[in-house]
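Everything on this sheet refers to the single structure shown next.
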Amino acid sequence: MQTWILTALLVLSLFANGFLFAQRAAAPAPPPPPDAALVSDLQRLMIDLDEAPEWRHRLVSLGRFAESRDARRQAQQRIMTGELLELLSGADLDFGRITALVEEIGLEDNTHRLRLIEQLILLLNDLPADKRQLMVERLGALEVHLDELESLARVLP
């Protein structure tokens, strides 16, 4: 009788230890990305537009274009910021050169946004007027900024 009781306790102990070990070994679920809600809303917008699949692929491509342009812009910004810091750390401050560099940094931002707007215009131009209006209204309601168009790259076509 004691053997059966000890065997049962041993089996229960093994199951409990296995359960606790599995709980410790399991990695916690990663938190959702900060723009997960925006991506979800953009996905719903894509479904609501109910356009042809190739048009939806173009919308996702716009997000990829925005990602690559933003990466390029950030690389340029790092270079120009380094130059600016170098100018600011020099013995003689060249205000003209510093001002020109700050303006160049702003020009790079404006060029980036202009390219995104051009691509968005090309995309919207192929939509019927009612769907174009729906998309623009939804983007406005979602408060999608031009810097957030990269989120479109994570939307499923």
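The values are calculated or read from the model by the stated rules, or taken from the named source; none is laboratory data. Everything numeric here is computed off the predicted structure, so don't read it as measured data. Positions of Cβ are generated from backbone atoms using ideal geometry, with glycine treated the same way; all protein chains shown enter the neighbour counts. Ligands, DNA and RNA are excluded from the accessible area calculation, which covers all protein heavy atoms including side chains. Shrake-Rupley method; radii C 1.70, N 1.55, O 1.52, S 1.80 Å.
Things worth noting here:
- Potential extension, LEU93-SER68 segment - 0.36 nm per residue separation minus Cα distance: 5.5 nm
- Of the residues ILE98, ILE117, the one with the largest accessible area comes first in the ranking ILE117, ILE98, computed with a 1.4 Å probe on protein heavy atoms.
- Between SER13 and GLN43, the C-beta separation translates, for a Förster distance of 41 Å, into a calculated FRET efficiency of about 0.30.
- For SER61, the accessible surface of its heavy atoms amounts to roughly 60 Å² (probe 1.4 Å, protein chains only, rounded to the nearest 10).
- Accessible surface of the stretch 36-154, 1.4 Å probe: 54 percent of it comes from carbon and sulfur atoms.
- Among ALA16, ALA129, ALA100, residue whose mean-square fluctuation peaks in a GNM of the chain (springs only between Cα atoms under 10 Å): ALA16
- For GLU86, solvent-accessible area (1.4 Å; no DNA, RNA or ligand), Å²: 140 Å²
- Solvent exposure of the chain amounts to 69 Å² per residue of accessible area, where only protein heavy atoms count and the probe is 1.4 Å.
- The chain, helix-only ellipticity at 222 nm - DSSP H runs n ≥ 4, -39,500 (n - 2.57), divided by all residues, nearest 500: -26500 deg cm²/dmol
- Of the residues PRO31, PRO128, PRO53, the one that moves most in a GNM of the chain with alpha-carbon contacts below 10 Å is PRO31.
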